[in-house]
Amino acid sequence: MEEKLITLVVLPYSKAHIFKVLLEGKGIDCELEYVNLIQGDTTATVRFKILEKDIQKAVHELELFLGTKTETEPESKADLPKQILVPIDFSEASLKAAKTAVDIAAHVKSEVLFMHSFINPIIHSIPYSDIYAFDSSALFKIEHAEENANKDFKKFIKKLNKEVGEEVWNSIQTDYIIKSGYAEEDILAYARKNHPRLIVVGSGGDNYPQGIVGSVTADIMYNANVPVLVIPKDTPDKKVTEINNVMYATNFDEKDFVAIDKLLNLLEPFDIKLTCAHVGEPRRNSWDLARLEGMKELLQKKYEKKNFTCMLLEGNEVLETIESYIKNAGIDMLSLTTHKRNMIARLFNPSFARKMVFHSNTPLLVFHA
């Protein structure tokens, strides 16, 4: 009986041929099938097919190729493409994030890599004993997991193409990776291996209560080694050129200056006003004001042509104070760093999230100190 071929992954043309050589060197036979996700698209995308018997070995090699959790040293950044990584799950939240990523890429001359991970029961299964009750519907799911993922991906990209417009779409280079796996693991592994300049991810999708960041988004946000831009589902539609008022929440850590430097480099093509704000209790105002003044002097000296404001926001409740300022000042984007674990934990704690408005419709740019 002829062995069945299984699609392992869909890769960009450039990566596919490198991976083919790698697999063949390990004694794993594979076939390449060229596909275009959008009719008329000149971007070559390759469907990787292997024999079912080789699947465990091939999955291991794929994880090494795209990046692994145990890998700590990225390739030389000078050799890496200027890439924006966009995880997608076909929800409205991920569509909004994808539109933002394409808009950014068109201005900063980056390519966009869309990645979708789907669970394939052939690979991601649990061992079962003789008392395990086999689900007959699982066979159908196994046979159609990859096929359905590719169909949904094609519809998603076609819709994205239509919404951003042909001119913008054709101005950027796009690549695609569709593979079986777990989304948060695959995204974090790829980021460690390839070090994209930015990850753009949606939050507040249909599978999560409004105002609560999904577990995948939160995992990426906390653990990625590159900046992460979180785009909430309810964010008003804006072009990136309309994001003019950016707030950075500071706690007077020396690492804030590193984060602000990354922030300004990332937003270099855009005309922004940056407000560095600290929430302080009234009894400590004099010391906080002195530190803000020192921060402002250092920033203005280093970035002479940038528009800076440093201010103290008086309040005992950090989140409520920030929320109020964002509303009143018309802040387009909030930014902070992940070393402020307590702030982030509180920011996305469901008990606070139900009361909050700003993080449900204001993009959040997270840096990692």
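The values are calculated or read from the model by the stated rules, or taken from the named source; none is laboratory data. What you see is a predicted model, and the numbers here were worked out from it, not measured in a lab. Note: ideal-geometry Cβ built from the backbone for every residue, glycine included; neighbour counts use all protein chains shown. Ligands, DNA and RNA are stripped out before the accessible areas are found, and what is left, the full protein with its side chains, is counted by its heavy atoms. Shrake-Rupley method; radii C 1.70, N 1.55, O 1.52, S 1.80 Å.
Among the residues of the stretch 314-333, is any out of contact with any strand residue (DSSP E or B) (no Cβ under 9 Å at 6 or more places or on another chain) and modelled with pLDDT under 70?
no
Of all residues in the stretch 166-178, how many are open to solvent by 10 Å² or more (accessible area, probe 1.4 Å) and either in contact (Cβ under 8 Å) with a residue 24 or more places away in the chain or of a type outside the set (D, E) (or both)?
Here is the first cut: in the stretch 166-178, the ones open to solvent by 10 Å² or more (accessible area, probe 1.4 Å) are 166-173, 175.
After this cut, where a residue has to be either in contact (Cβ under 8 Å) with a residue 24 or more places away in the chain or of a type outside the set (D, E) (or both) as well, the list is 168-173, 175.
Number satisfying all stated conditions: 7.
With the structure loaded, tell me whether I84 is within 21 Å of E31 (Cβ to Cβ), in contact with a strand residue (DSSP E or B) (Cβ under 9 Å, 6 or more places away or on another chain) and either at pLDDT 90 or above or not basic (K, R) (or both) or whether it fails that test.
Answer is no for this residue.
Answer yes if at least one residue in the stretch 251-272 is over 19 Å from H368 (Cβ atoms), free of Cβ contacts under 8 Å to residues at least 40 places away in the same chain and over 21 Å from the mean Cα position of the chain (by Cα), and no otherwise.
Yes, the stretch 251-272 contains at least one residue that is over 19 Å from H368 (Cβ atoms), free of Cβ contacts under 8 Å to residues at least 40 places away in the same chain and over 21 Å from the mean Cα position of the chain (by Cα).
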